[in-house]
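Q: Below: one structure in structure tokens.
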Amino acid sequence: MRTSKRLFLAVSLLLIVSTVIISGCAGAPAPTPTSAPPAKPATTPAATPAGAPQPTKAPAATPAAQAQPAGTVKIGAAGPFSGQLSKIGQDSLNAVKFAVDEINAAGGVGGMKIEVVEGDDGADPAKAATVAEKFGTDSSIVGVIGPMTSGAVNASLPVYQKYNLVIISQSATNPNLTEQGFKVMHRICPRDDDQGPAAAMFIAQDLKLKSVYLLDGKDTYSAGLAGEVEKKLKELGVTIAGHDQYAPEDKDFSTLLTRIKSAKPDMIYMPDPDPSHAAMFLKQAADLGVKAKFMTGEAGYEKAEFIDKSGGAAEGAYLTNIGPILTTIPEAKDFIKNFTAKYGGMSVFAGQSYEATKILAEAIKKSIKNGKVSREDVLSAVHNTKDYKGILGAPIGFNDKGDLVSGTIFVYQVKNGDFTQLKSVSARGR
């Protein structure tokens, strides 16, 4: 009897142990170690150092194909937030943040809050490509505002295309940017072949000037815009008194100004991307007694940097701009009031940066499916923007290349220490 009882207990114990072992093997959750770092995803490419060749083949599974979880969605903001063009860059970044704050305060997009990830490229093409790689490998970023300069956009476009990450530039105007077939490229500013011919038409037909001396700083923006102006001036029979280049870091223009003074042009055309640099040039021109009229591009629309720093030499100067003066647009009244109350002065591209952010947010909202957002859907929604009405006074839509449908240019003049809008010019011929 005792032997039978011992046998019974042994068998019972064996059955209990076996049951526990079988349960563990059948898929019961095992505790996850908390001290070990998470494994790095094998499909995430390493960041590319500035200046290094960009990879030409996309990873096997890029972040572009991943839908994002509900809760927060990220957008990138790329631009020159430090360096020579930091004033323009920082004001534009503030406008992006201002738009996002408004959107989030109103409930976000589809219940999701938007978060801005900054990418400072310093207007340097190599840095811009690195910023693009950083944004591209962050699967939570579904769209980008910027880059702002044509050189930065040109260098980073292949990277954004690789990751299928849509961009909306508020200020990159070089025509070639939308002629290369990159589907991610969009901009809400007219191109240089809108602005250049418009400036030339104003010089020849409104001011009726006979000779122009052109200058550019060798960068993509100023060389491209000056080239478009020169081409149209020749068509209109205006004499090109000269076309010289200078370096962005130049501070002494005496040799160049002596040459210009000898040529006796009616006008100097200088589309410098740095308004304080153009102001320095104007001040030295006045000191040397150069009497020619002066015209620059949209970057000159900076009172503190261009007018004030010129010491009065900018009085009477002309400039072309990619949009009207915001204070003339009723739809922009609240934006101007609230933005200046928070940040003070407003930069040339603040309105465009705000508008681009609102357009991207609308595209994200349209792309939400089951609480998730994918890059492909955001790209498609941005590209199909045809009649967005915001603060710029005219509906915004993109054509098949990603260019702004409208190409109207506005001419300003410095009068009594401030900018006065003279007229609008449309020279679109493509």
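The values are calculated or read from the model by the stated rules, or taken from the named source; none is laboratory data. Predicted, not measured: the structure shown is a model, and the values here were computed from it. Please note: Cβ atoms are built from the backbone with ideal geometry, for glycine as well, and neighbour counts cover all protein chains shown.
Q: I'd like to know if region 307-318 contains one or more residues that are in the same structural domain as Val212 (by TED's automatic domain parsing), of a type outside the set (A, V, I, L, M, F, W, C), touching a Pro at 6+ places or on another chain (Cβ under 6 Å) and assigned to a helix (DSSP H, G or I).
A: no
Q: Looking at region 178-213, which of its residues are more than 28 Å from Asn384 (Cα to Cα), in contact (Cβ under 8 Å) with a residue 60 or more places away in the chain, surrounded by fewer than 23 Cβ atoms within 10 Å (Cβ to Cβ) and of a type outside the set (A, V, I, L, M)?
A: Across region 178-213, the qualifying residues are Phe202, Asp206.
Q: Please pick out the residue among Val131, Val109 that is out of contact with any Cys (no Cβ under 8 Å at 6 or more places or on another chain) and either surrounded by fewer than 19 Cβ atoms within 10 Å (Cβ to Cβ) or farther than 17 Å from Ser367 by Cα (or both).
A: Val131
Q: Mind listing whichever residues of region 287-303 are over 14 Å from Leu85 (Cβ atoms) and either touching a helix residue (DSSP H, G or I) at 6+ places or on another chain (Cβ under 8 Å) or not assigned by TED's automatic domain parsing to the domain that holds Ala198 (or both)?
A: Of everything in region 287-303, those that are over 14 Å from Leu85 (Cβ atoms) and either touching a helix residue (DSSP H, G or I) at 6+ places or on another chain (Cβ under 8 Å) or not assigned by TED's automatic domain parsing to the domain that holds Ala198 (or both) turn out to be Leu288, Gly289, Val290, Ala292, Phe294, Met295, Thr296.
Q: Additional query: Taking region 134-164 as the search range and keeping residues that are polar (S, T, N, Q) and closer than 16 Å to Phe349 by Cβ, which one is surrounded by the fewest Cβ atoms within 10 Å (Cβ to Cβ)?
A: Only one residue tops the list, namely Ser150.
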